[in-house]
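A.B. asks: One structure, as structure tokens, below. Some questions next.
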Amino acid sequence: MGRIRSHPRRQRSRRVRLLRHPDDVDRTTAFGEIVQIAYHAPDIERAANWFAAALTAGPFFLLEHVGLSKSLYRGKETPFDHSSAYGQFGDVMIELIHQHDDQPSAVRDMYAANEEGLHHLAVFVGSVDIALEDAAAAGMACALDATTTDGVRFVMVDARNAHGCMLEFYERSEPLDKFYSFVKRKSDDWDGSEVLRRL
């Protein structure tokens, strides 16, 4: 990934245009405000270093091989072996997501293993099931319905026709609120050191 040499929030490099700069992403949807912008990253460490250098986003907290108790791809049980790193850019979280295999998935629907770009936008919703119904009525099929081993359900709907990417829904909970607050707090006085940190 390239490097922006002037003010990171103003100038756009060719590479950042390709990835869609976070400032260029519409933060509103019919389902609510965007709280996270996620990018597919063939190499999470390299991507985190680029986002830190170019956008002063970070630090990033890496969760490797996210544990799932449930994973349905378009209604069919399918493993989803992925890792994600989470950082902060202003008032929005940045996720860098990487899938470790080529199983059919909401990730592989958009990107091959060596490709990079905007993958999904995340929204807190009052009810995941109601949001899924509303999305289906708008022509957005459920691409992923998964639950982590600690009980957090997250779903992705195929919103490429409306948003150019997936939309991710999850319900607000104390653990999620704490995690979002943790990532934001760590970014507030970050000195740029140790860009990628393992959870």
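The values are calculated or read from the model by the stated rules, or taken from the named source; none is laboratory data. Because the structure is a prediction, the values reported are computed rather than measured. Cβ sites come from the backbone with ideal geometry, for glycine too, and all protein chains shown count toward neighbours.
Per-residue answers, yes or no, for (1) among the aromatic types (Phe, Trp, Tyr); (2) surrounded by fewer than 19 Cβ atoms within 10 Å (Cβ to Cβ); (3) out of contact with any Gly (no Cβ under 6 Å at 6 or more places or on another chain):
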site	(1), (2), (3)
Ile37	no, no, yes
Ala41	no, no, yes
Ala54	no, no, yes
His65	no, yes, yes
Ser69	no, yes, yes
Tyr73	yes, no, yes
Gln88	no, no, yes
Met93	no, no, yes
Leu96	no, no, yes
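A.B. asks: For residues that are assigned to a loop (DSSP other than H, G, I, E, B) and at pLDDT below 80, scanning just the range 11-30, find the one that is farthest from the chain's Cα centre (by Cα).
C.D. replies: Taking the candidates together, the pick is Gln11.
A.B. asks: Then there is this: For the range 142-165, enumerate the residues that are surrounded by fewer than 13 Cβ atoms within 10 Å (Cβ to Cβ) and either within 22 Å of Thr78 (Cα to Cα) or in contact with a strand residue (DSSP E or B) (Cβ under 7 Å, 6 or more places away or on another chain) (or both).
C.D. replies: Listed by number, the residues that qualify are Thr149, Asp150, Gly151.
A.B. asks: Run Glu33 past the list (1) assigned to a strand (DSSP E or B); (2) over 30 Å from Ala137 (Cβ atoms); (3) at pLDDT below 95 and report the number of the one that doesn't hold.
C.D. replies: Failing condition for Glu33: (2).
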